[in-house]
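Chemist: First the structure, which I've put down as structure tokens, then a few questions once you've had a look.
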Amino acid sequence: MTVCEYKPGLEGIPAAQSSISYVDGQKGILEYRGIRIEELAEKSTFLETAYLLIWGELPTEEELKAFEHEVLFHRRIKYRIRDMMKCFPESGHPMDALQSSAAALGLFFSRRDLHNPVYIRNAAVRLIATIPTMVAAFQLMREGNDPVKPRDDLGYAANFLYMLNEKEPDPLAAKIFDICLILHVEHTMNASTFSARVTASTLTDPYAVVASAVGTLGGPLHGGANEEVIQMLEEIGSVENVVPYVDNLLKNKAKIMGFGHRVYKVKDPRATILQGLAEQLFEKFGYDEYYEIALEMERVVSEKLGGKGIYPNVDFYSGLVYRKMGIPTDLFTPVFAIARVAGWLAHWKEQLAENRIFRPTQIYNGRHEIAYTPIDQR
């Protein structure tokens, strides 16, 4: 029998072959279907990028219009799901609410016709369309208010901000939010994507696939890190406190939230774009005092740990962008999920094409030949 080398967290071990996205961590390159993230952020829209990821090619003008119309038509959620969400505790985390709500969609649409392209398209459209509605609805309901209905005259990003804040967003804010969704939509075989593919490999329905991925994304070592970045900046309080704060973390070998990445050994290209978006927001809507702290954090950490390949990742500046838009801190990760659902669906569809159920092995390090001890002798 071949002895396998154990890698904690499966680090560096390929789990699938994929043509969806590509990362070069040494050069800071991220591509979706071969197109650089910088070009998509500048020229594309979230729904166009979602189409690219799921169906493999940029859509024609007619294809994009049809896709946008389908998503618009499916934005509303079933009233039974809305009523179920009203029973969620107000103190519950929005990611838990989203996971439950996404899973509940399967009760209405769980027919597993996985060989039918129409079923696959309808499921993808429905999930991309309704996840933002669920996130915004829970936010309003936990404050004791009825959810706001989607507006058919608003684009994808603008409509979410409208449902969340009960007012039509500034066009610049809507455009920047759309770019943020593009930046968060996909990133190779991360933890939540791996979770999605494992679940998909059992041939369950896509609603269970997305629900499992949402649960994985919620952890502080994955999507939840952007919440902790803001909490860290609040705790630091001023630029003068950055050096002693970082020194204390290093002394205690604690993780610095928003820094470091399993793949990138240079600054995450998404962090660079997000930093520019934050500055655009500050220029129009006012400065954020935490930005100066963040800049000093980047300088100090890069100076102390840059030699080890530790630089800002996507979580470091995204929270400042969402904060300026008035998005509550504990909604940052659900916003991440709004984008990433399209990436998960792309991997779901790819997994179905050449499916084999995931069944990794393990290295047993327990005991053998242990005799059973009767309960009266223990």
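Chemist: Just the accessible area for residue 266, please: 1.4 Å probe, Å², rounded to the nearest 10?
Modeler: The accessible area comes out at roughly 50 Å².
Chemist: When the dipole is taken about the Cα centre of region 225-313, and only Lys, Arg (+1) and Asp, Glu (-1) are charged at their Cβ, what size is it in debye, to the nearest 20?
Modeler: Computed about the Cα centre, the dipole is about 720 debye.
Chemist: With a probe of 1.4 Å, find how much accessible area the chain has per residue, and write the answer as a whole number in Å². Display every interim value, and only then the final one.
Modeler: Working: 18690 Å² over 378 residues.
Each residue of the chain exposes 49 Å² on average to a 1.4 Å probe.
Chemist: Right, next: Need the full-extension length gain, residue 252 to residue 167, defined as separation in residues times 0.36 nm minus the C-alpha distance. One decimal, nm. List each step's numbers first, then the result.
Modeler: Values: separation 85, 0.36 × 85 = 30.60 nm, distance 4.52 nm.
Net length gain for the segment: 26.1 nm.
Chemist: Which shape class, rounded, prolate or oblate, goes with the chain when its Cα gyration tensor gives a ≥ b ≥ c as root eigenvalues, a/c under 1.5 marks rounded, and past that a/b bigger than b/c marks prolate?
Modeler: On the way: a/c = 1.38, a/b = 1.04, b/c = 1.33.
Note, shape of the chain comes out rounded.
Chemist: Then there is this: Could you sort 5-16, 283-294 so that the peptide with the highest average Cβ count within 10 Å comes first and the rest follow in order?
Modeler: 283-294, 5-16
Chemist: Also, quick follow-up: With charges only on Cβ, +1 for K and R and -1 for D and E, what is the dipole size of region 247-378 about its Cα centre, in debye, rounded to 20? Spell out each step's value before the answer.
Modeler: Values: 19 positive and 16 negative charges, 112 e Å.
My answer is approximately 540 debye.
Chemist: Using only the Cα atoms of region 48-194, build the gyration tensor, take square roots of its eigenvalues as a ≥ b ≥ c, and label the shape rounded, prolate or oblate: rounded if a/c is under 1.5, else prolate if a/b is larger than b/c, else oblate. Could the numbers behind the result be given before it?
Modeler: Details: a/c = 1.58, a/b = 1.20, b/c = 1.31.
Oblate.
Chemist: Between residue 365 and residue 17, what is the spin-label point distance in nm, taking each point 7 Å from the Cα along the Cα→C-beta axis?
Modeler: 3.3
Chemist: Something else: Among 181, 217, 285, whose Cα lies farthest out toward the positive end of the dipole of region 148-307, if unit charges sit on the beta carbon of Lys, Arg (+1) and Asp, Glu (-1)?
Modeler: Result: 217.
Chemist: Heavy atoms of the protein only, probe of 1.4 Å, neighbouring chains included. What is the accessible area of residue 18 in Å², nearest 10?
Modeler: Spelled out: residue 18, probe radius 1.4 Å, area about 60 Å².
Chemist: If the cut-off is 24 Å between C-alpha atoms, which lysines fall inside it for residue 349, apart from same-chain ones fewer than 8 positions away?
Modeler: Reachable lysines: 65.
Chemist: Still on this structure, please answer the following. Find how much the distance from residue 352 to residue 262 grows on full extension, using 0.36 nm per residue of separation minus their present alpha carbon separation; answer in nm with one decimal.
Modeler: Additional length available on full extension: 29.7 nm.
Chemist: Let me check something: with ligands and nucleic acids excluded, how do 372, 364 order by accessible area (1.4 Å probe), largest to smallest? All intermediate terms of the calculation are to be shown ahead of the outcome.
Modeler: Working: 372 180, 364 125 Å².
The residues order as 372, 364, largest area first.
Chemist: Okay, next question. Once a ≥ b ≥ c are taken as the square roots of the eigenvalues of the Cα gyration tensor of region 6-96, is the result rounded (a/c under 1.5), prolate (a/b larger than b/c) or oblate (a/b not larger than b/c)?
Modeler: Cα axes put region 6-96 in the oblate bin.
Chemist: Here is a further query. Rank these residues by their accessible area, most exposed first, probe 1.4 Å: 131, 273.
Modeler: Numbers: 131 5, 273 35 Å².
Ranked list, largest accessible area first: 273, 131.
Chemist: What nm value, rounded to one decimal, do you get for the distance between residue 378 and residue 58 when each label is placed 7 Å out toward the C-beta?
Modeler: Distance between label points: 6.5 nm.
Chemist: Related question: Report, by chain and number, residues whose modeled amide H sits under 5 Å from the one on residue 29, excluding near sequence neighbours (fewer than 5 apart, same chain).
Modeler: Those qualifying (amide H under 5 Å, at least 5 residues apart or on another chain) are 24.
Chemist: Another question, then. If you place +1 on the Cβ of every Lys and Arg and -1 on the Cβ of every Asp and Glu, how big does the dipole about the Cα centre of region 1-103 come out, in debye to the nearest 20?
Modeler: 540
Chemist: Moving to a separate point now. I'd like to know which of 321, 352, 339 lies farthest towards the positive end of the charge dipole of region 305-378, counting +1 on Cβ of Lys and Arg and -1 on Cβ of Asp and Glu.
Modeler: Most positive-ward Cα: 321.
Chemist: Please list 33, 378, 270, 126 in order of solvent-accessible area, largest first, computed with a 1.4 Å probe with all protein chains present. Before the final figure, lay out the partial values.
Modeler: Values: 33 60, 378 165, 270 5, 126 40 Å².
Ranking 33, 378, 270, 126 by accessible area, largest first, yields 378, 33, 126, 270.
Chemist: Round to the nearest 10 and report in Å² the accessible area of residue 69, as given by a 1.4 Å probe over the protein chains' heavy atoms.
Modeler: Roll a 1.4 Å probe over it and residue 69 shows about 120 Å².
Chemist: Under a straight-distance cross-link criterion of Cα-Cα below 24 Å, which lysines are reachable from residue 304, leaving out those fewer than 8 residues away in the same chain?
Modeler: Residue 304 reaches 27, 251, 253, 255, 265, 267.
Chemist: Return a whole-number percent for the relative contact order of the chain, with Cα pairs under 8 Å and 6 or more residues apart as the contact set.
Modeler: 23 percent.
Chemist: Just need the relative contact order of region 52-150 here, percent rounded to a whole number, with Cα pairs under 8 Å and 6+ apart. Could the numbers behind the result be given before it?
Modeler: Working: 65 pairs, mean separation 39.2, N = 99.
Computed value for region 52-150: 40 percent relative contact order.
The values are calculated or read from the model by the stated rules, or taken from the named source; none is laboratory data. The shown structure was predicted, so the numbers you read here are calculated from the model rather than taken from an experiment. With ideal geometry, Cβ positions are generated from the backbone for all residues, glycine too; neighbour counts draw on all protein chains shown. Areas reflect the complete protein model, heavy atoms only, side chains present, ligands, DNA and RNA absent. Shrake-Rupley method; radii C 1.70, N 1.55, O 1.52, S 1.80 Å.
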